[in-house]
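The values are calculated or read from the model by the stated rules, or taken from the named source; none is laboratory data. Since the model is a prediction, treat every value here as computed from it, not as a measurement. A quick note on method: Cβ atoms are made from the backbone with ideal geometry, for glycine too, and the neighbour counts reach across all protein chains shown.
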């Protein structure tokens, strides 16, 4: 498949990105005014949250989270006990990756009579973000996408498929979202293009930088202020040696205040030999990350870990943050990140501790002493960098609620932990393949 | 509310969301007619038109084709179409806002360029047409909530702005009134297509005829399937035959629901059915040969449904109280006028072009807080009496009255007089709200003072929202900020500051 999907060839235009961002900012301010006039008015808080979410996502305004915290405190002041407040608190907590809090607030909202659809929708998002109940989430996502065919539902499905290593399915889902889009807001289009960039640039076993760069560029074409797309494209340019192109992408967004921009710019400047400027940018990045982590640790733990594991040059801090992230949401990506950092740091003890965390913490984790017919092939799908084969036998039935059909065992070299979040049952088959574990929907980790 | 945010698709890009449509005689010149469409609910101060949306106002001839329970209007096939498109932003003057221009294509194919927010608008050389496009105070007002029972409330759109397109023209020359004076008008927004004579046409974003077709009539209660987007994609003046039955049924159910909102049945089934038939064909009807006034809205439809000839020009003026007129008609069949909680919009319309009032300024918000090393109850004991004698910038205070409505007349140490009114107080939540009556150069000033627990101590938050009044924003903000900061700062020494 090629990334040559041409947005301009679609039979519609979208609103110019600069106009859309100006309108978003103006509507955001107005929604705050309305909220101040009457915090409990129907929809007032929801609109603010929606605008702040868009501002955070597409403009990269990290202070949006602080403003949402303020909104929550105002709502609590006005009506702490209502289901409505609990639902907003859950949304806010979810945005800040405080998922345990979000679940708690959501339970309160549900008990208090919040609309079931709203509760379920947010619960799906939280489960997906935390990498738990993914089989259930996938079923629900497919159903919702089929029923409503809304772009946002398709993006959520594509994102989940990507999390579950169904790369081509994810690509197809994203493309379906693009081709079905008939509205004029540039935000959704830019979002899908960005997701496709991440898919092909970061998630697939063998990243395709050129293809990813095309998608990021399309996202920027549609929405020039799209900070995340600019940063990701700048990373690719940096690794390709296109230093001035990378710098040109980052300079216009430096004032927004996201420390990741300073970090990437420092890398670019460093590669250009402008070491004093680079050091200055790196210092801004470091203090920026620390400030963010101080205010919203869980929201930025993974970014902070990435920073400190990279040019931030503090592997201990990186590992601490990665572990915080894993404990908060033990997704495949979080575990991969933690594993990479622990491995790079040569910290076997922490790696072992992480392993324990995985065993304890992952929603539907199965410590599967199992084996598979095409284990190595499956494993290649899981991890392009490291694989340690496994040995085992386990009955999945009690955990997954399947008929009890223990897998026959093949052997391999080393122990493995599989976090199994999905499976399929072939139409025909022997006991061996009666339950075929879809490794592409599972996460592996293996620690020597 | 009217046509504001009337479907999921509108929420994606509010610049394509039509809020209202107007048709009235020019207050400046009775020989001219004004058609106007508003977009972008709750537009902020910097809102601009989308460059990817075309907005059209379309007029067709209408004839009365039946009276009473057989009431019906028929429209002609020919239409007069005004289509507006807007450009990308241009860099404005140094330090200024960007500039946007638009092009209006007139029914005769002529085009006219306009500069967005230029109050004087643009006119054709012969003076037949005059156009304005830009931000205005939202003329719509809705002052009801429709929970279990209908309850009047203050205007829910107070201080809101919208983007307006105002088209004024010589009535006789443009509408050819020798052939009849009764017309129907709609406005629609359609995504622009960059290519393509082939392929399906882009889906319409929104269209509007009479106010509240979507939000109140088709989507009248919770739990209903949301058919507003489907409605918005219908072709105005030509609802798809395969959907007419479904929409008609929804309208009948809706009207039966509205009829019983006061627990009294005022509509016969036949009249209710006729009403649904008339409202299904959704266009704003106006007669340019009769007076269009603030109260003539829907009179043409109502009279026709009541079985007699209409008397006014119907239409919709800027100040028409359309919600109360509609509710009165639907709920009690004009038995008793239902007055909502507001009698006008934030700002009334004007008598001069472009007839829609200047946009509302953005309310300024300010907040200051201090964390104190004392429990909230102890702090509230001092601060919670609405009496600000504790404030170091205040020389004298005179309290007048008690409870809600209490006034505090303050003399500051530099001799200024400030009068403020207590609007709300809750000792259990340690919170009060007040308004400024005089003394601060601001209008719509609302202050909130609250003490919250924080750790073992407390947090005092003081905030205000206001419109600067005849003073630059920065001046008013400086005054308020000084009051807040000095006041809260003084509490640190009194109670100790949390570290």
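For every residue, the table says whether it meets (1) within 14 Å of another protein chain (Cβ to nearest Cβ); (2) crowded, with 21+ Cβ neighbours inside 10 Å; (3) assigned to a loop (DSSP other than H, G, I, E, B); (4) modelled with pLDDT of 85 or more.
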{"residue": "B:183", "(1), (2), (3), (4)": "no, yes, no, yes"}
{"residue": "B:189", "(1), (2), (3), (4)": "yes, yes, no, yes"}
{"residue": "B:194", "(1), (2), (3), (4)": "yes, no, yes, no"}
{"residue": "B:215", "(1), (2), (3), (4)": "yes, no, no, no"}
{"residue": "B:222", "(1), (2), (3), (4)": "yes, no, yes, no"}
{"residue": "B:229", "(1), (2), (3), (4)": "yes, no, no, no"}
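Does residue A:213 meet the test of being at pLDDT 95 or above and in contact with a helix residue (DSSP H, G or I) (Cβ under 9 Å, 6 or more places away or on another chain)? In short, yes. Sort out for me the strands (runs of 3 or more DSSP E) sitting completely within region B:134-175 that have 2 or more residues that are more than 11 Å from every other protein chain (Cβ to nearest Cβ), surrounded by 24 or more Cβ atoms within 10 Å (Cβ to Cβ) and at pLDDT 95 or above. In region B:134-175, B:161-170 are the strands (runs of 3 or more DSSP E) which contain 2 or more residues that are more than 11 Å from every other protein chain (Cβ to nearest Cβ), surrounded by 24 or more Cβ atoms within 10 Å (Cβ to Cβ) and at pLDDT 95 or above.
The listed residues are B:266, B:262, and the only one of them that is modelled with pLDDT under 95 and more than 21 Å from residue B:206 (Cα to Cα) turns out to be B:262. Scanning region B:256-267 for residues that are touching a helix residue (DSSP H, G or I) at 6+ places or on another chain (Cβ under 8 Å) and not in a helix (DSSP H, G or I) returns B:264, B:265, B:266, B:267.
Of the residues in region B:25-42, at least one is closer than 21 Å to residue B:289 by Cβ, touching a strand residue (DSSP E or B) at 6+ places or on another chain (Cβ under 7 Å) and outside any strand (DSSP E or B).
Residues considered: B:403, B:340, B:313, B:349. Of these, the only one that is over 30 Å from residue B:276 (Cβ atoms) and surrounded by 15 or more Cβ atoms within 10 Å (Cβ to Cβ) is B:349. Residues in region B:48-79 that are part of a strand (DSSP E or B), surrounded by fewer than 16 Cβ atoms within 10 Å (Cβ to Cβ) and touching a residue at least 24 places away in the same chain (Cβ under 8 Å): B:63, B:72. Comparison of A:114, A:109 shows that the only residue that is touching a helix residue (DSSP H, G or I) at 6+ places or on another chain (Cβ under 7 Å), assigned to a helix (DSSP H, G or I) and closer than 26 Å to residue A:328 by Cβ is A:109. Counting the residues of region B:89-129 that are in contact with a strand residue (DSSP E or B) (Cβ under 9 Å, 6 or more places away or on another chain) and within 14 Å of chain A (Cβ to nearest Cβ) gives 11.
One residue is enough: does region B:81-103 have a residue meeting the conditions assigned to a strand (DSSP E or B), touching a residue at least 60 places away in the same chain (Cβ under 8 Å) and in contact with a helix residue (DSSP H, G or I) (Cβ under 9 Å, 6 or more places away or on another chain)? Checking region B:81-103: not a single residue is assigned to a strand (DSSP E or B), touching a residue at least 60 places away in the same chain (Cβ under 8 Å) and in contact with a helix residue (DSSP H, G or I) (Cβ under 9 Å, 6 or more places away or on another chain). Residue pairs whose Cβ atoms lie under 9 Å apart, separated by 6 or more positions or on different chains, with the first residue in region B:330-347 and on the phi > 0 side of the Ramachandran plot and touching a residue at least 60 places away in the same chain (Cβ under 8 Å) and the second surrounded by fewer than 19 Cβ atoms within 10 Å (Cβ to Cβ) and outside any helix (DSSP H, G or I), are B:333/B:266. Of all residues in region B:454-461, one or more are touching a helix residue (DSSP H, G or I) at 6+ places or on another chain (Cβ under 7 Å) and either within 14 Å of another protein chain (Cβ to nearest Cβ) or on the phi > 0 side of the Ramachandran plot (or both).
Checking residue B:409 against (1) surrounded by fewer than 17 Cβ atoms within 10 Å (Cβ to Cβ); (2) within 23 Å of residue B:495 (Cα to Cα); (3) at pLDDT 90 or above, only one condition comes out false. Which one? The number of the failed condition is (2). Inspection of region A:79-96 finds a residue satisfying the criterion of being surrounded by fewer than 16 Cβ atoms within 10 Å (Cβ to Cβ), part of a helix (DSSP H, G or I), out of contact with any strand residue (DSSP E or B) (no Cβ under 9 Å at 6 or more places or on another chain) and at pLDDT below 95.
All conditions in (1) more than 14 Å from every other protein chain (Cβ to nearest Cβ); (2) buried (at least 21 other Cβ atoms within 10 Å of the Cβ); (3) under 30 Å from residue B:443 (Cα atoms); (4) in contact with a strand residue (DSSP E or B) (Cβ under 7 Å, 6 or more places away or on another chain) hold for residue B:300, with the sole exception of (3). For region B:240-255, state whether one or more residues are closer than 30 Å to residue B:81 by Cβ and part of a loop (DSSP other than H, G, I, E, B). Within region B:240-255 (the criterion being closer than 30 Å to residue B:81 by Cβ and part of a loop (DSSP other than H, G, I, E, B)), the answer is yes, since at least one residue qualifies. For the condition touching a strand residue (DSSP E or B) at 6+ places or on another chain (Cβ under 9 Å), surrounded by fewer than 20 Cβ atoms within 10 Å (Cβ to Cβ) and either at negative phi or assigned by TED's automatic domain parsing to the domain that holds residue B:16 (or both), residue B:291 qualifies.
Conditions (1) under 28 Å from residue B:164 (Cα atoms); (2) out of contact with any helix residue (DSSP H, G or I) (no Cβ under 6 Å at 6 or more places or on another chain); (3) part of a strand (DSSP E or B), marked per residue:
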{"site": "B:301", "(1), (2), (3)": "yes, no, no"}
{"site": "B:309", "(1), (2), (3)": "no, yes, no"}
{"site": "B:319", "(1), (2), (3)": "yes, yes, no"}
{"site": "B:326", "(1), (2), (3)": "yes, yes, no"}
{"site": "B:336", "(1), (2), (3)": "no, yes, no"}
{"site": "B:344", "(1), (2), (3)": "yes, yes, no"}
{"site": "B:349", "(1), (2), (3)": "yes, yes, no"}
{"site": "B:354", "(1), (2), (3)": "yes, yes, no"}
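Look at (1) out of contact with any strand residue (DSSP E or B) (no Cβ under 8 Å at 6 or more places or on another chain); (2) part of a loop (DSSP other than H, G, I, E, B); (3) assigned by TED's automatic domain parsing to the domain that holds residue B:69 and you find that residue B:276 fails only one, number (2). For the criterion of being over 35 Å from the mean Cα position of the chain (by Cα), surrounded by 13 or more Cβ atoms within 10 Å (Cβ to Cβ) and not in a strand (DSSP E or B), residue B:488 passes. Close contacts from region B:426-439, counting a first residue that is in the same structural domain as residue B:466 (by TED's automatic domain parsing) and surrounded by 14 or more Cβ atoms within 10 Å (Cβ to Cβ) and a second that is in a loop (DSSP other than H, G, I, E, B) and at pLDDT below 90, with Cβ to Cβ under 8 Å and a gap of 6+ residues or different chains, come to B:430/B:384; B:432/B:384; B:439/B:416. Among the residues of region A:221-242, those that are without any contact (Cβ under 8 Å) to a residue 60 or more places away in the chain and surrounded by fewer than 20 Cβ atoms within 10 Å (Cβ to Cβ) comprise A:239, A:240, A:241, A:242. Tell me, please, whether a residue that is surrounded by 16 or more Cβ atoms within 10 Å (Cβ to Cβ), free of Cβ contacts under 8 Å to residues at least 24 places away in the same chain and farther than 20 Å from residue B:74 by Cα can be found in region B:266-287. Within region B:266-287, not a single residue is surrounded by 16 or more Cβ atoms within 10 Å (Cβ to Cβ), free of Cβ contacts under 8 Å to residues at least 24 places away in the same chain and farther than 20 Å from residue B:74 by Cα.
Scan region A:33-63 for residues that are surrounded by 20 or more Cβ atoms within 10 Å (Cβ to Cβ), at the interface with another protein chain (Cβ under 9 Å from one of its Cβ atoms) and either at pLDDT 85 or above or closer than 23 Å to residue A:253 by Cα (or both) and the total you get is 1.
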